[in-house]
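Data block below; observations after.
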Amino acid sequence: VFGIFGVSMTSEANRAYVMETVNNMTGNNTETEVDNNDMLRSVTTEEVARAEIEVSLEVKLPQLYYIPDGMVYEDYSIDENAGVGFLQYTYESQIITLMVFSNSRNATGTIYSDAGKNIGEFASDLSNDIKSTLREVIEPGDEKPTYILQWKYKNEYFELFGKMEEKEMENIARKIMY
């Protein structure tokens with residue numbers, strides 16, 4: 001038997017505690033936490049999202065051993081029919097997306113984007129078999145260019161894209177590992 005109750009709360013921590021308690025009582029074990037900025041978050045963790053994408057698409061996601069200060073995990077999605085998974089981050093109020101295309105059907109061909117200007121090729125300092133291509137795309141009206149970092153690993157295709165400094169994308173490219 002559940003009752004309806006009201007609680008007056010004066011702090012974010014109290015709201016987080018009450019939400020967590022109610023979720024546990026009702027069996028809805030969504031993670032609820034307050035980060036160092038006292039902002040309430042109630043989303044799937046990045047680790048859970050990565051595991052769900054890996055299992056659903058039968059892929060191995062990369063570890064990015066360089067992440068710019070302020071880049072924060074936000075959300076994920078999976079389209080099993082298309083064989084695509086997305087991890088979304090925010091960085092300086094911009095959405096940064098890591099996208100993986102599985103090739104479970106062993107399709108032939110290439111899906112590398114040739115949009116924009118080719119900036120260069122980058123080898124990972126952490127793994128000999130990871131070489132990525134960085135492209136810059138500037139659309140009319142854009143204040144900042146979009147950078148697209150592309151690479152293949154074990155028959156899967158990966159793309160990290162969004163608006164951030166070119167140097168930050170280069171740093172990410174050099175610190176990819178599986």
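Structure notes:
- Members of region 65-76 found to be hydrophobic (A, V, I, L, M, F, W, C) and surrounded by 17 or more Cβ atoms within 10 Å (Cβ to Cβ), listed by number: Met71
- Among the residues making up region 57-94, those that are of a type in the set (Val, Ile, Thr) and in contact with a strand residue (DSSP E or B) (Cβ under 6 Å, 6 or more places away or on another chain) are Val59, Val72, Ile78, Val84, Thr90.
So that you can scan it fast, the table gives a plain yes or no per residue for (1) surrounded by fewer than 18 Cβ atoms within 10 Å (Cβ to Cβ); (2) part of a loop (DSSP other than H, G, I, E, B); (3) not small (Gly, Ala, Ser):
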site	(1), (2), (3)
Leu134	no, no, yes
Pro140	yes, yes, yes
Tyr147	no, no, yes
Trp151	no, no, yes
Glu159	no, no, yes
Lys167	yes, no, yes
Ile172	no, no, yes
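- Single residue of region 42-64 satisfying the filter (open to solvent by 80 Å² or more (accessible area, probe 1.4 Å) and assigned to a helix (DSSP H, G or I)) that is farthest from Ile172 (Cα to Cα): Val55
- For region 74-84, the criterion of a residue being modelled with pLDDT of 95 or more, within 18 Å of Ile176 (Cβ to Cβ) and outside any loop (DSSP other than H, G, I, E, B) is satisfied by no position.
- Selection of region 89-125 for residues being modelled with pLDDT of 90 or more, open to solvent by 70 Å² or more (accessible area, probe 1.4 Å) and assigned to a loop (DSSP other than H, G, I, E, B) yields Glu92, Ser93, Asp125.
The values are calculated or read from the model by the stated rules, or taken from the named source; none is laboratory data. Because the structure is predicted, anything quoted here is derived from the model rather than measured. We place every Cβ from the backbone using ideal geometry, glycine too, and count neighbours over all the protein chains shown. The area values use the complete protein model at the heavy-atom level, side chains included, leaving out ligands, DNA and RNA. Shrake-Rupley method; radii C 1.70, N 1.55, O 1.52, S 1.80 Å.
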